[in-house]
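One structure below.
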Amino acid sequence: MGKHSTDQSVIEKASAPGPDDGGGHLLEVRDLFVEFRTGEGVAKVINGVSYHLDAGETLAVLGESGSGKSVTAQAIMGILDSPPGFVTGGQILYKGRDLLTASENERRAVRGKEIAMIFQDALSALNPVFTVGWQISETLRKREGLSKKDALDKAVELMDLVKIPAARERLKAYPHQFSGGMRQRVMIAMSLAQQPKVVIADEPTTALDVTVQAQIMDLLADLRRELNTAMILITHDLGVVADVADRIAVMYAGRIIEHAEVHALYKSPAHPYTLGLLNSIPRLDDKGKTLRTIPGLPPNLTRIPAGCPFNPRCRYVRDVCRTDVPPSVSLGEGRDAACHFAREVLAGTLEPTRKDPEL
Amino acid sequence: MSSDPNALPPNDERAAIAEGEAASTEKRVTAELTEVSGRPRSLASDAFRDLRKNPIAIISAVIIVILVVMAIFPTLFTHKDPTDCALGRSLKPPSSEAWFGYNFQGCDIYARTIHGARASLMVGIGSVIVVAFIAIVLGMLAGYYGGLADAIIARFTDIILGIPLLLGAIVILSGFKNNSNMWLGLLMVIAALGLLGWTSAMRIVRGSVLSARNQDYVQAARMLGATNWRIMTRHIGPNAMAPVIVVLTIALGSFIATEATLSFLGIGLKPPWISWGGDIADATARVRNALGPVLFPSSFLALTVLAFIMLGDAVREAFDPKLR
Amino acid sequence: MFRYIIRRLLQMVLAFFGTTLLVYWLMFAASGDPLAALAGEKPMSPSVRAALTEQFHLDQPFIVQYFYYMKGLLSFDLGNNLSNRDIADLVLSAWPYTLRLAFLAFIFVVVVGIPLGVWVAMKRGGVFDTTVLLLTLVIISIPVFVIGSTLAMIGSMYGLWVTNVGGAGTLSAYLVPAIVLGSLSLATAVRLTRGSVSENLRADYVRTAKAKGLKRLRVVGVHVLRNSLIPVITFLGIELGGLMGGAIVTEKIFNIPGIGFELAKAINLEDGPTVVTIVSLLVIVYLVMNLIVDVLYAVLDPRIRYE
């Protein structure tokens with residue numbers, strides 16, 4: 001594991017909020033770098049991501065597709081497809097122990113048992129040829145040493161917990177026989193089987209209908225309260241996080257560009273990107289007005305723009321944004337933002353340099 | 001985990017240098033847009049570029065070209081008459097006179113092997129033409145019209161699939177073996193292989209047509225009132241072409257192998273055709289201690305089949321984006 | 001699953017009659033002179049002519065001929081061949097040899113092909129993978145009779161293995177013939193297994209299984225294999241049907257008196273009744289194997305079972 005420069009450590013320290021930034025977090029990602037080496041070139045997918053999670057709390061990681069939010073999660077789990085993915089720097093500390101330097105057996109001991117993951121598309125993430133009972137109880141049999149019958153009983157309990165009706169009868173059903181929402185519940189039950197301390201939910205509702213999305217989010221919120229599990233909720237949907245998350249980390253082009261307590265961020269974002277995201281949420285009282293979207297597309301990760309990676313799309317872009325990468329600035333109360341003008345954005349005093357694109 | 005010093009921190013200057021000055025943001029955004037949405041570089045030209053760099057494809061193509069020349073102008077390779085046999089030189093070993101030696105009948109093995117290419121290639125190409133015709137017509141009907149046409153063709157395909165190629169060819173050819181016309185004999189072999197060997201090619205055509213049919217641009221053409229014929233020939237045909245060429249190339253190789261097998265069993269091509277399969281059968285039936293008469297036609301046969309199958313395989317790989 | 005099987009069964013019955021009708025038609029009607037097709041160019045005595053006409057009901061309309069023929073096939077009343085031997089007897093005495101050879105070849109394909117395919121799939125892109133892939137292409141390209149003839153010749157020249165198995169023969173005598181017979185299936189099985197496993201290794205559920213903290217051996221050995229083997233097993237089932245019919249060449253080369261050997265002999269002797277009967281029987285075996293495979297497919301893949 002490469003030692004990162006003192007320069008970066010400073011940034012990392014600055015971005016770690018809370019009084020105890022000397023560690024002691026349940027899970028902490030420090031200055032993580034991941035790149036994908038493909039025939040088309042090297043894509044720098046994660047460029048110095050740092051975040052932390054304490055017991056029982058929920059951190060929402062927000063970003064567009066390609067911002068690196070899922071890749072960070074895969075790096076934490078140690079299930080990055082390699083090749084093409086390579087971790088090239090940083091630390092992932094679980095209970096103070098760096099997982100990246102741990103042996104494969106040590107990592108495996110953490111996977112599922114300490115940190116579990118809920119995947120996006122339950123239909124493809126569940127094995128199509130095994131019954132859900134078999135899949136939920138698999139780790140109980142193989143890792144906890146339960147008998148087949150006890151493991152299945154436990155699976156029924158778990159299915160009850162995630163509110164799958166008629167759980168015992170459905171043990172022998174296959175994933176394709178469930179509806180999308182029920183499948184996602186199976187996925188959640190499976191992730192809870194080994195009573196993990198941390199659950200990483202990777203866009204758990206993206207593949208679902210809107211009404212079902214709300215049910216699943218409610219379920220996750222309930223479970224977190226009941227089981228006191230810490231959760232990293234990965235999503236691209238600002239709307240779903242408000243009720244569930246304690247803190248939000250916003251990702252863009254493989255960096256955390258803003259990190260704040262959830263209500264503070266909703267009230268007054270400190271980064272133009274977050275501002276743009278909030279403005280693009282349709283509101284009932286906005287009827288008749290044009291939705292304000294963020295123009296352009298996320299950068300190609302093989303050619304990240306110089307300076308602030310968001311500068312080509314930023315309404316407030318200044319010359320400095322095109323040359324200097326903004327450091328993460330601490331704004332107090334555990335919030336920080338990687339913008340040259342974070343304080344001005346927060347205060348709402350920064351003047352746009354570009355017009356809104358009109359439709 | 002490597003301690004890679006090149007892992008660029010976000011504010012590394014090299015990133016900026018490599019990127020060049022990001023002067024016009026506007027231009028940049030448009031560039032990104034075309035990067036994602038545009039890219040009209042066609043799969044076919046990509047695949048062709050890949051093929052030209054693939055040594056296996058090149059070697060196969062060269063072998064095939066040589067074989068075709070050999071089949072058309074065998075006298076470029078040998079001046080010997082393959083039917084000039086004299087028992088007096090039976091099984092004489094290779095010499096400068098006869099490079100591969102003489103077989104049991106005292107014929108020049110080299111000359112016979114060279115002249116054998118013609119029959120093999122004629123059967124292969126002939127059967128593939130029959131197969132292509134049946135497969136394209138039935139596959140397009142089934143894939144494009146679906147419904148009843150598809151169901152009927154599927155059942156008909158089941159019937160043909162129920163007959164293993166070799167067994168079916170045996171039945172057809174043993175029913176027709178009483179003719180002595182060499183061209184009729186050749187036609188029968190081609191017909192037997194062609195009429196029984198089209199099923200997999202048909203399924204490929206059907207599959208390609210089915211997927212092409214549901215593409216937006218085909219739907220659009222249909223909305224605009226293009227005729228079925230025009231949609232099939234202009235829009236679907238070209239897109240279904242690549243996989244069909246692959247399966248036909250491979251089929252060509254396997255038809256040559258099957259013809260040789262039939263001739264080996266004594267119901268394929270008969271003299272005066274010079275067939276590798278027939279020569280190998282003669283050699284194994286008569287002698288069990290001379291490798292030459294078996295080895296040389298066998299090698300040519302195997303090389304021919306290999307060339308077609310490898311070329312087909314290389315083309316498939318080049319056209320399969322999943323394998324890139 | 002029940003509906004699926006019923007549907008496949010109906011389709012197979014249709015294919016069965018279609019196929020046998022086609023074979024029968026090709027054998028008799030298509031040639032114009034059924035008697036000539038049956039007995040070849042040899043001069044035929046009026047009594048043989050009469051016997052054949054009666055046996056195949058050649059004085060009846062075509063469809064009636066076919067009906068009698070099918071009735072005979074299905075009740076295993078196969079009639080006599082041209083030298084007046086009961087074809088059912090002939091088939092029954094030859095069958096065990098073919099079965100022995102086919103099963104040995106099948107075991108060879110399964111035991112070597114699947115592990116090799118899984119192995120190269122895990123080392124995808126490496127030197128070993130490329131070599132094996134190229135080798136399978138070479139094997140696929142060399143016709144079985146070439147491999148067989150060459151091995152038989154080498155075997156007899158250097159006395160390495162039995163090349164004239166004959167009637168007796170211990171199981172070990174069948175080893176080389178079984179390898180010859182299985183070579184093509186082996187190469188195909190390796191390629192198919194490799195493709196299927198490497199596709200499944202990229203599937204999402206593999207990531208899930210890893211994230212559960214399962215050992216790699218279990219992820220690959222249970223999760224991936226259970227999925228990847230579905231197409232491989234169906235292929236192998238059809239191959240088993242094909243191996244029995246495909247033994248003509250191998251049995252001829254190694255002189256094994258099985259079904260294929262009898263078929264090759266009948267072709268040479270221009271014994272039409274034997275050829276058409278054996279081919280029909282092999283087609284039936286092949287069709288039945290196809291049906292078994294279809295059912296097996298439904299058993300193995302719950303997505304089909306519960307459609």
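General observations
- C:LEU287 vs. criteria outside the structural domain of C:ALA51 (by TED's automatic domain parsing) and open to solvent by 10 Å² or more (accessible area, probe 1.4 Å): no
- Residues located in region A:160-185, provided they are surrounded by 20 or more Cβ atoms within 10 Å (Cβ to Cβ), touching a residue at least 60 places away in the same chain (Cβ under 8 Å) and part of a helix (DSSP H, G or I): A:ARG183, A:GLN184
- Against the list (1) assigned to a helix (DSSP H, G or I); (2) more than 30 Å from C:LEU291 (Cα to Cα), the condition B:ASP158 fails is (2).
- Residue selected from region A:186-218 under the condition touching a residue at least 40 places away in the same chain (Cβ under 8 Å) and assigned to a helix (DSSP H, G or I), by the criterion farthest from A:ARG108 (Cα to Cα): A:VAL186
- For region C:231-247, the criterion of being of a type in the set (A, V, I, L, M), open to solvent by 10 Å² or more (accessible area, probe 1.4 Å), within 23 Å of the chain's Cα centre (by Cα) and within 13 Å of chain A (Cβ to nearest Cβ) is met by at least one residue.
- Hey, A:LEU220 at negative phi and crowded, with 22+ Cβ neighbours inside 10 Å or not: yes
- Hits in region A:162-184 (condition: touching a Leu at 6+ places or on another chain (Cβ under 7 Å) and within 18 Å of A:MET117 (Cα to Cα)): A:VAL162, A:PRO175, A:GLY180, A:GLY181, A:ARG183, A:GLN184
- Residues that are facing chain B (nearest Cβ under 7 Å) and of a type in the set (S, T, N, Q), drawn from region C:250-290: C:ASN268
- Residue count for region C:77-99, restricted to those that are open to solvent by 80 Å² or more (accessible area, probe 1.4 Å) and at pLDDT below 80: 4
- Residue in region A:90-120 that is farthest from the other protein chains (Cβ to nearest Cβ), counting only those that are part of a strand (DSSP E or B) and over 19 Å from the mean Cα position of the chain (by Cα): A:ARG97
- Residue within region C:223-230 that is facing another protein chain (nearest Cβ under 10 Å), assigned to a helix (DSSP H, G or I) and at pLDDT below 85 present: no
- Region A:95-108 residues that are within 21 Å of A:ASP54 (Cα to Cα), paired with ones that are of a type in the set (A, V, I, L, M) and modelled with pLDDT under 85 (beta carbon under 8 Å, 6 or more apart): A:ASP98/A:MET1; A:LEU100/A:MET1; A:LEU100/B:MET1
- Unmet requirement for A:SER147, which otherwise passes all of (1) open to solvent by 50 Å² or more (accessible area, probe 1.4 Å); (2) among the hydroxyl-bearing types (Ser, Thr, Tyr); (3) within 7 Å of chain C (Cβ to nearest Cβ): (3)
- Residues that are basic (Lys, Arg) and more than 14 Å from chain C (Cβ to nearest Cβ) were ranked within region B:171-224; the one that is farthest from B:PRO243 (Cα to Cα) is B:ARG222.
- Enumeration of residues in region A:332-342 that are surrounded by fewer than 19 Cβ atoms within 10 Å (Cβ to Cβ) and either in contact (Cβ under 8 Å) with a residue 24 or more places away in the chain or closer than 18 Å to A:ALA253 by Cβ (or both): A:GLU333, A:GLY334
- Scanning region A:55-89 for residues that are assigned to a loop (DSSP other than H, G, I, E, B), touching a residue at least 40 places away in the same chain (Cβ under 8 Å) and open to solvent by less than 20 Å² (accessible area, probe 1.4 Å) gives A:GLY56, A:GLY63, A:SER67, A:GLY68.
- Residue satisfying all of: in region A:247-271; more than 25 Å from A:VAL34 (Cβ to Cβ) and touching a helix residue (DSSP H, G or I) at 6+ places or on another chain (Cβ under 6 Å); most open to solvent (accessible area, probe 1.4 Å) among these: A:SER268
- Residues in region A:143-161 that are touching a helix residue (DSSP H, G or I) at 6+ places or on another chain (Cβ under 7 Å) and among the charged types (D, E, K, R): A:LYS148, A:LYS154, A:ASP160.
- Residue match in region A:219-232 (condition: part of a loop (DSSP other than H, G, I, E, B), among the small types (Gly, Ala, Ser) and under 21 Å from A:LYS69 (Cβ atoms)): no
- When region B:285-311 is limited to residues that are modelled with pLDDT of 70 or more and more than 10 Å from every other protein chain (Cβ to nearest Cβ), the one that is surrounded by the most Cβ atoms within 10 Å (Cβ to Cβ) turns out to be B:LEU311.
- Meets criteria (open to solvent by 30 Å² or more (accessible area, probe 1.4 Å), at pLDDT below 75, more than 25 Å from C:TRP95 (Cα to Cα) and away from chain B (no Cβ under 14 Å)) for C:VAL64: no
The values are calculated or read from the model by the stated rules, or taken from the named source; none is laboratory data. Please read all numbers here as calculations on a predicted model, not as lab measurements. With ideal geometry, Cβ positions are generated from the backbone for all residues, glycine too; neighbour counts draw on all protein chains shown. To get the accessible areas, we keep the full protein, side chains included, count just its heavy atoms, and leave off ligands, DNA and RNA. Shrake-Rupley method; radii C 1.70, N 1.55, O 1.52, S 1.80 Å.
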